[in-house]
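Trainee: This is the structure I want to talk about, given as structure tokens.
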Amino acid sequence: MAHQTVIILDFGGQYNQLIARRVRECGVYCEVKSYTTPLAELRRMEPIGFILTGGPNSVYLETSPHVDPEIFSMGVPVLGICYGCQLMAHTLGGKVAAAQSDSAREYGKTETFYDASCPLFKGLPETGVSWMSHGDYMERVPEGFTLAARSKACPNVAIADVERGFYGVQYHPEVRHTENGVAMIRNFLYEICGAAGDWTMGDYKRTAVAAIREKVGGGRVLLALSGGVDSSVCAALLAEAVGEQLTCVFVDHGLMRKNEGDEVQAAFQNWAMNFVRVDAEDRFLGRLAGVSEPEQKRRIIGEEFIRVFEEEARRIGSVDFLAQGTIYPDVIESGAGDAAVIKSHHNVGGLPDCVDFKEIIEPLRLLFKDEVRQLGRELGLPEYLVSRQPFPGPGLAIRVIGDLTREKLYALREADAVYREEIASAGLDRAVSQYFAVLTNTRSVGVMGDGRTYDYTLALRAVTTSDFMTADWARIPYDVLDRVSTRIVNEVPGINRICYDITSKPPATVEWE
Ligand code: XMP
């Protein structure tokens, strides 16, 4: 796949994937590489530009991540963002130091004045708000650089060496709070790197289909299809590429939302490929009976899933390729090291040890989630599958708090369906990133008609987030919540009280278990 490539060198900043998404939204392919990537490998990628990301360190410390100075001799433009800007200044002979006064340290929205004659700001307004987050200060800029933007506190908010194509900005153009930030990234790509804009999903589909055909030849491919966005798009892409050579196994663990299993089947059973639905509800519920500890639930579901899939694979016979819907955020090796594991996520798909196959294929491993959705649309998948909100692998098992019973699952499924229906009919399903009901393990007294009830409390959760690492609780209008509450207590047996979860993440998580 010969796309022009921009390399994003990752120094551990929190917005690095966002930078990559912005570049791709501008129609230019990019990859995020750790700053430790050997120069030879970077050269082999023949980049048309580099972006050096932000990061939590100070460049003047010996122990901080550095960049091979050779990248500045490759004749390729470089944009340094925040730490990346200071690193470029430091590496090319400037001086960076800790800001002496509070006024030189800048955090948050800052009024910024740009030099519109600088190619990075071409065609853009001369003033605007930029989003700063730096405690260090460039005391001296390197030779050859001029000052291209300033704020009230800082004379060198942006620096430029137009001749060599080196640009540095102290603020974060990738975040929405920076006015015209994306336009600046676009200018870097098109005005400075000379990008052709050759990254589109239509193109990607054609080249990916050809690449899969070439790799698979006459071989057989097996895919675990969960009905989530990634595995669905993976299935559609593979079906387009190799048709009947593909078998998709959909393990229905009985922990899906209302009608979901049937929807997945309806979406795929008529494609030109082999679709197998395994009804494993009894097995899963049997193994989960009496289990209330969340991590144990996850473990059991993960293990059982692999067992069912393995049995099915044996029935199918020998396969050559095991396909997985891995996407780019799972692949990126961050320059910042490992993050703490809060919950053990079980994602249907990660099964390399259990089935006899020759090779793994991951046709989505270079795509971000938004791109996967776009590709799904290109392939003709229905919108409800493509724009589906995330749903955890262990399904409703981790939304029934405590031990699982069929009755509790039924109540949760019905209540969740009402909630989703009302959110959709209020037109909020796009504005809210994820929303679902949780059946708590608390029972309380209520009164219905003339009788006393002693039933379960249902919690409603709705969050807005861009990355699911942090999330805010969604401000759902009271009248919508009121409708949901009234409908659920009237329509769903076993629930007599509704609460709305108003915690963000952190300190809470999105799911309750
Ligand atoms: P948390 O609860 O960790 O959730 O804040 C963040 C996002 O991940 C989803 N999630 C899971 N996805 N297997 C999955 O595939 C899991 O075990 C799992 N647990 C949480 C959650 O729905 C949210 O989108």
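The values are calculated or read from the model by the stated rules, or taken from the named source; none is laboratory data. These numbers come from a predicted model, not from an experiment. Note that each Cβ is placed from the backbone with ideal geometry, even for glycine, and that neighbours are counted across all protein chains shown. Please note that ligands, DNA and RNA were not included when accessible areas were found on the heavy atoms of the full protein model with its side chains. Shrake-Rupley method; radii C 1.70, N 1.55, O 1.52, S 1.80 Å.
Trainee: Taking into account only those residues within segment 365-398 that are hydrophobic (A, V, I, L, M, F, W, C) and more than 15 Å from the ligand (Cβ to nearest atom), which is most open to solvent (accessible area, probe 1.4 Å)? So that I can check it myself, show each step before the final result.
Mentor: Quick first cut of segment 365-398, residues hydrophobic (A, V, I, L, M, F, W, C) only: 366-368, 372, 375, 379, 381, 385-386, 391, 396-398.
Filter once more, keeping what is more than 15 Å from the ligand (Cβ to nearest atom): 366-368, 375, 379, 381, 385-386.
Values: Leu366: 53, Leu367: 0, Phe368: 5, Leu375: 0, Leu379: 16, Leu381: 13, Leu385: 2, Val386: 1 Å².
Here the answer is Leu366.
Trainee: Let me ask something else about it. Can you say whether Asp450 is within 16 Å of the ligand (Cβ to nearest atom) and not small (Gly, Ala, Ser), as far as the supplied structure shows? Steps first, please.
Mentor: Details: within 16 Å of the ligand (Cβ to nearest atom): no; not small (Gly, Ala, Ser): yes.
No.
Trainee: Could you tell me whether segment 484-491 includes any residue that is polar (S, T, N, Q), part of a strand (DSSP E or B), closer than 25 Å to Asp403 by Cα and away from the ligand (no atom under 12 Å from the Cβ)? Even if it seems obvious, please write down each step before you answer.
Mentor: Within segment 484-491, the first condition is being polar (S, T, N, Q), and the residues that meet it are 485-486, 490.
Checking the rest, the ones that are also part of a strand (DSSP E or B) come to none.
No.
Trainee: Now for a different question. Only one of (1) surrounded by fewer than 20 Cβ atoms within 10 Å (Cβ to Cβ); (2) outside any strand (DSSP E or B); (3) hydroxyl-bearing (Ser, Thr, Tyr) fails for Tyr419. Which number is that?
Mentor: (1)
Trainee: Looking at this structure, is Asp455 open to solvent by 20 Å² or more (accessible area, probe 1.4 Å), more than 16 Å from the ligand (Cβ to nearest atom) and touching a residue at least 24 places away in the same chain (Cβ under 8 Å)?
Mentor: Working: open to solvent by 20 Å² or more (accessible area, probe 1.4 Å): yes; more than 16 Å from the ligand (Cβ to nearest atom): yes; touching a residue at least 24 places away in the same chain (Cβ under 8 Å): yes.
When the stated conditions are applied, Asp455 passes them.
Trainee: Taking the options Glu25, Glu70, Glu46, Glu62, name whichever one is open to solvent by 50 Å² or more (accessible area, probe 1.4 Å) and on the phi > 0 side of the Ramachandran plot. Write out each step before concluding.
Mentor: Details: Glu25 fails: on the phi > 0 side of the Ramachandran plot; Glu70 fails: on the phi > 0 side of the Ramachandran plot; Glu62 fails: on the phi > 0 side of the Ramachandran plot.
Selected residue: Glu46, the only one of Glu25, Glu70, Glu46, Glu62 that is open to solvent by 50 Å² or more (accessible area, probe 1.4 Å) and on the phi > 0 side of the Ramachandran plot.
Trainee: Another question, if that's okay. From the list Gly84, Gly54, which residue is closer than 19 Å to Asp161 by Cα, surrounded by 19 or more Cβ atoms within 10 Å (Cβ to Cβ) and either touching a strand residue (DSSP E or B) at 6+ places or on another chain (Cβ under 9 Å) or not aromatic (Phe, Trp, Tyr) (or both)? Quick ask: steps written out before the conclusion?
Mentor: On the way: Gly54 fails: closer than 19 Å to Asp161 by Cα.
Testing whether each residue is closer than 19 Å to Asp161 by Cα, surrounded by 19 or more Cβ atoms within 10 Å (Cβ to Cβ) and either touching a strand residue (DSSP E or B) at 6+ places or on another chain (Cβ under 9 Å) or not aromatic (Phe, Trp, Tyr) (or both) leaves just Gly84.
Trainee: Can you tell me which of Gly202, Gly243, Gly228 is modelled with pLDDT under 95, open to solvent by 10 Å² or more (accessible area, probe 1.4 Å) and closer than 25 Å to Val319 by Cβ?
Mentor: Values: Gly202 fails: closer than 25 Å to Val319 by Cβ; Gly243 fails: modelled with pLDDT under 95.
Within the list Gly202, Gly243, Gly228, the selection yields Gly228.
Trainee: Which residue pairs have Cβ atoms closer than 6 Å, lie 6 or more positions apart in sequence or on different chains, and pair a first residue in segment 275-303 that is in contact (Cβ under 8 Å) with a residue 24 or more places away in the chain and aromatic (Phe, Trp, Tyr) with a second residue that is outside any helix (DSSP H, G or I) and within 16 Å of the ligand (Cβ to nearest atom)?
Mentor: From segment 275-303, the pairs are Phe284/His253.
Trainee: Just checking, does segment 101-115 include any residue being touching a Ser or Thr at 6+ places or on another chain (Cβ under 8 Å), under 18 Å from Ser130 (Cα atoms) and of a type in the set (Val, Ile, Thr)?
Mentor: yes
Trainee: Look through Thr465, Thr470 and report the one residue that is within 16 Å of the ligand (Cβ to nearest atom), modelled with pLDDT under 95, more than 15 Å from Ile401 (Cβ to Cβ) and open to solvent by less than 50 Å² (accessible area, probe 1.4 Å).
Mentor: On the way: Thr470 fails: open to solvent by less than 50 Å² (accessible area, probe 1.4 Å).
Of Thr465, Thr470, the one residue that is within 16 Å of the ligand (Cβ to nearest atom), modelled with pLDDT under 95, more than 15 Å from Ile401 (Cβ to Cβ) and open to solvent by less than 50 Å² (accessible area, probe 1.4 Å) is Thr465.
Trainee: Do you know which residues across segment 142-164 are at negative phi, in a loop (DSSP other than H, G, I, E, B) and open to solvent by 40 Å² or more (accessible area, probe 1.4 Å)? Show your work before the answer.
Mentor: Taking segment 142-164 first, the residues at negative phi are 142-143, 145-164.
Still in the list and also in a loop (DSSP other than H, G, I, E, B): 142-143, 145, 152-157, 162-164.
If the condition is that a residue be at negative phi, in a loop (DSSP other than H, G, I, E, B) and open to solvent by 40 Å² or more (accessible area, probe 1.4 Å), then Glu143, Lys152, Ala153, Pro155, Val162, Glu163, Arg164 are the ones that fit.
Trainee: Yes or no: Lys95 touching a His at 6+ places or on another chain (Cβ under 8 Å), of a type outside the set (S, T, N, Q) and open to solvent by 40 Å² or more (accessible area, probe 1.4 Å)? Write out each step before concluding.
Mentor: Details: touching a His at 6+ places or on another chain (Cβ under 8 Å): no; of a type outside the set (S, T, N, Q): yes; open to solvent by 40 Å² or more (accessible area, probe 1.4 Å): yes.
It is false that Lys95 is touching a His at 6+ places or on another chain (Cβ under 8 Å), of a type outside the set (S, T, N, Q) and open to solvent by 40 Å² or more (accessible area, probe 1.4 Å).
Trainee: Do we have Arg443 as crowded, with 18+ Cβ neighbours inside 10 Å, under 30 Å from Gly290 (Cα atoms) and either over 24 Å from the mean Cα position of the chain (by Cα) or within 16 Å of the ligand (Cβ to nearest atom) (or both) here?
Mentor: On the way: crowded, with 18+ Cβ neighbours inside 10 Å: no; under 30 Å from Gly290 (Cα atoms): yes; either over 24 Å from the mean Cα position of the chain (by Cα) or within 16 Å of the ligand (Cβ to nearest atom) (or both): yes.
So Arg443 fails the test.
Trainee: Something else now. Return yes when Pro329 is modelled with pLDDT under 90 and either away from the ligand (no atom under 14 Å from the Cβ) or closer than 27 Å to Glu31 by Cα (or both) and no when it is not. So that I can check it myself, show each step before the final result.
Mentor: Numbers: modelled with pLDDT under 90: yes; either away from the ligand (no atom under 14 Å from the Cβ) or closer than 27 Å to Glu31 by Cα (or both): yes.
It is true that Pro329 is modelled with pLDDT under 90 and either away from the ligand (no atom under 14 Å from the Cβ) or closer than 27 Å to Glu31 by Cα (or both).
Trainee: Evaluate segment 211-226: report whether one residue or more is within 16 Å of the ligand (Cβ to nearest atom), in a loop (DSSP other than H, G, I, E, B), out of contact with any strand residue (DSSP E or B) (no Cβ under 7 Å at 6 or more places or on another chain) and touching a residue at least 12 places away in the same chain (Cβ under 8 Å). I'd like the intermediate steps shown before the answer.
Mentor: Let us first name the residues in segment 211-226 that are within 16 Å of the ligand (Cβ to nearest atom), namely 224-226.
Those left that are additionally in a loop (DSSP other than H, G, I, E, B): 225-226.
Keeping just the survivors that are out of contact with any strand residue (DSSP E or B) (no Cβ under 7 Å at 6 or more places or on another chain) gives 226.
Going one step further and asking which of them are touching a residue at least 12 places away in the same chain (Cβ under 8 Å), we end up with 226.
Yes, because at least one residue in segment 211-226 is within 16 Å of the ligand (Cβ to nearest atom), in a loop (DSSP other than H, G, I, E, B), out of contact with any strand residue (DSSP E or B) (no Cβ under 7 Å at 6 or more places or on another chain) and touching a residue at least 12 places away in the same chain (Cβ under 8 Å).
Trainee: Could you please let me know if Ser425 is more than 16 Å from the ligand (Cβ to nearest atom) and either under 26 Å from Arg287 (Cα atoms) or surrounded by fewer than 15 Cβ atoms within 10 Å (Cβ to Cβ) (or both)?
Mentor: Values: more than 16 Å from the ligand (Cβ to nearest atom): yes; either under 26 Å from Arg287 (Cα atoms) or surrounded by fewer than 15 Cβ atoms within 10 Å (Cβ to Cβ) (or both): yes.
Here the answer is yes, as Ser425 does meet what is asked.
Trainee: Between a residue in segment 379-405 that is acidic (Asp, Glu) and any residue that is more than 9 Å from the ligand (Cβ to nearest atom), which pairs come within a Cβ distance under 6 Å, given they are 6 or more apart or on different chains?
Mentor: Listed by first residue and then by second, the contacts come to Asp403/Gly290; Asp403/Ser292.
Trainee: More than 29 Å from the chain's Cα centre (by Cα), within 16 Å of the ligand (Cβ to nearest atom), at pLDDT 95 or above and within 24 Å of Ala508 (Cα to Cα): is that true of Leu404 in this structure? Spell out how you get there, then give the answer.
Mentor: Details: more than 29 Å from the chain's Cα centre (by Cα): yes; within 16 Å of the ligand (Cβ to nearest atom): yes; at pLDDT 95 or above: yes; within 24 Å of Ala508 (Cα to Cα): yes.
Yes, satisfied.
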